[in-house]
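Reading through the structure tokens given below for one structure.
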Amino acid sequence: MQVRRPEAPAHAEEEAGGEEAGVGPLELAELLGSSKELHEAIDQFGHAASERRILQFCPSQRVLSYAEAREQFARDVLTARLPDVTREYYNANILARWFAPAEPDHLSPP
């Protein structure tokens, strides 16, 4: 899942798996991710500040994992920056294997 910060053109994307992946219609409406920073932003700006969109339905967890990682790498979610140098996405890692670089002091938000 990748989610743009509210200051960016507002939209958030997330992938959803099929029955085998364990995500059904009821859970999908509540799926947000585990990022503490994302949840704080939703509390601050509200759900209306972002758009969630299903990019692809996947027949299995294996296909879902690949599609999600492919999308996250294509969007450069670990290093993309907004003009004010804050990170464009909330993602801290991809598949718990690739991680966003540490924030140098000169790039930390004010």
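The values are calculated or read from the model by the stated rules, or taken from the named source; none is laboratory data. A quick note: this is a predicted structure, and the numbers were derived from the prediction, not measured. Counting neighbours? That spans all protein chains shown, and the Cβs are built from the backbone with ideal geometry, glycine included.
Some observations on this one:
- Single residue of region 24-81 satisfying the filter (modelled with pLDDT under 85 and of a type in the set (S, T, N, Q)) that is farthest from Pro101 (Cα to Cα): Ser50
- Check on Arg5, touching a Phe, Trp or Tyr at 6+ places or on another chain (Cβ under 8 Å), basic (Lys, Arg) and at pLDDT below 90: yes
- Scanning region 45-79 for residues that are without any contact (Cβ under 8 Å) to a residue 24 or more places away in the chain and either within 14 Å of Tyr90 (Cβ to Cβ) or assigned to a strand (DSSP E or B) (or both) returns Asp76, Leu78, Thr79.
- Within region 34-43, considering residues that are out of contact with any Pro (no Cβ under 8 Å at 6 or more places or on another chain) and part of a helix (DSSP H, G or I), the one farthest from Thr86 (Cα to Cα): Asp43
- Residues of region 83-92 that are touching a residue at least 60 places away in the same chain (Cβ under 8 Å) and either touching a strand residue (DSSP E or B) at 6+ places or on another chain (Cβ under 9 Å) or closer than 15 Å to Ser35 by Cβ (or both): Thr86, Arg87, Glu88, Tyr89, Tyr90, Asn91.
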